[in-house]
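Please read the structure below before turning to the comments.
The values are calculated or read from the model by the stated rules, or taken from the named source; none is laboratory data. Only a predicted model underlies this, so the values are computations on that prediction, with no experimental measurement involved. Note that we place each Cβ from the backbone using ideal geometry, even for glycine, and neighbour counts take in every protein chain shown.
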Amino acid sequence: MDAIGASHPWPTDREPVYVWDVIVRLTHWVIALSIVMLSFTGIYIGNPYSSGEFVMGWMKVLHFYSAIAFTLAVVTRLAWMIVGPRRSGWRQFIPTSKRRRRGLWESLKFYMFLRKEPPDAIGHNPLAGAMYIGIFGLYLLMIATGFALYSVSSYSFMRIWSFLVPVFFGVQWTRWIHHAVMWVLIAFVVQHIYSALLTSRVERNGTIDSMFSGFKFLRRDRKADDDE
């Protein structure tokens, strides 16, 4: 702890708390980077500005391998919610305790500038955690529609996902859903960065740095604990 304090000083009313384990941090950055790559290549594939087959071929290859990385990261994170430590578990997303349910409204007031400080939370605040349930649902929808679209032109084992095409009412509807959800996720990324910057500045808890180091700097007199 002294080593951490020597290189990263924090206010005397705060202490470093190890919140995000390596699996959470790794899957977070793989998902983030793959969303950037998938969005860039997906926009090009949907509306190419070059008629060269070489460029389109590379865009599809990058899109496919980014989709594999995205899928593996999402599945790993979902599994880690069940088998991982408590601070990385599903209770951070589903408000099962009274404190977490009460914190939903308090967190909303903070983001609406009706409250100076967000409620105490070691990991995700209650509102952010609940919102991520929907985000992971969109991740799974993107994976399912992406696999369905790939199965249409695939001559390999990916054809096993062709049963998903009628689930989404045909190829055109599948493509439209895939495209629309992409823009929703891009909007989420913008909001996510804004919220991280806002929380990090107001709380002075190193929210952004914590996704690299795993440590947040929390108030010593906080009311939240691991049983939240």
Those residues of the stretch 76-131 which are within 15 Å of Val24 (Cα to Cα), in contact (Cβ under 8 Å) with a residue 24 or more places away in the chain and not in a helix (DSSP H, G or I), in sequence order: Gly84, Pro85, Phe93, Ile122, Gly123, His124
Residue within the stretch 24-36 that is modelled with pLDDT of 85 or more, closer than 26 Å to Arg220 by Cα and either in contact with a His (Cβ under 8 Å, 6 or more places away or on another chain) or not aliphatic (A, V, I, L, M) (or both) present: yes
Among (1) out of contact with any Gly (no Cβ under 8 Å at 6 or more places or on another chain); (2) surrounded by fewer than 17 Cβ atoms within 10 Å (Cβ to Cβ); (3) assigned to a helix (DSSP H, G or I); (4) modelled with pLDDT of 85 or more - the single one Phe169 does not satisfy: (3)
Hits in the stretch 153-197 - residues which are of a type in the set (A, V, I, L, M) and touching a residue at least 60 places away in the same chain (Cβ under 8 Å): Met182, Leu185, Ile186, Val189
Residue in the stretch 58-78 that is over 13 Å from the mean Cα position of the chain (by Cα) and closer than 30 Å to Phe217 by Cβ present: no
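Among the residues of the stretch 199-208, write down those that are without any contact (Cβ under 8 Å) to a residue 40 or more places away in the chain and not small (Gly, Ala, Ser). Show your work before the answer.
Step one: of the stretch 199-208, the residues without any contact (Cβ under 8 Å) to a residue 40 or more places away in the chain are 200-201, 207-208.
Within the stretch 199-208, Arg201, Thr207, Ile208 qualify.
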The stretch 69-93: number of residues that are surrounded by fewer than 16 Cβ atoms within 10 Å (Cβ to Cβ) and modelled with pLDDT under 95: 6
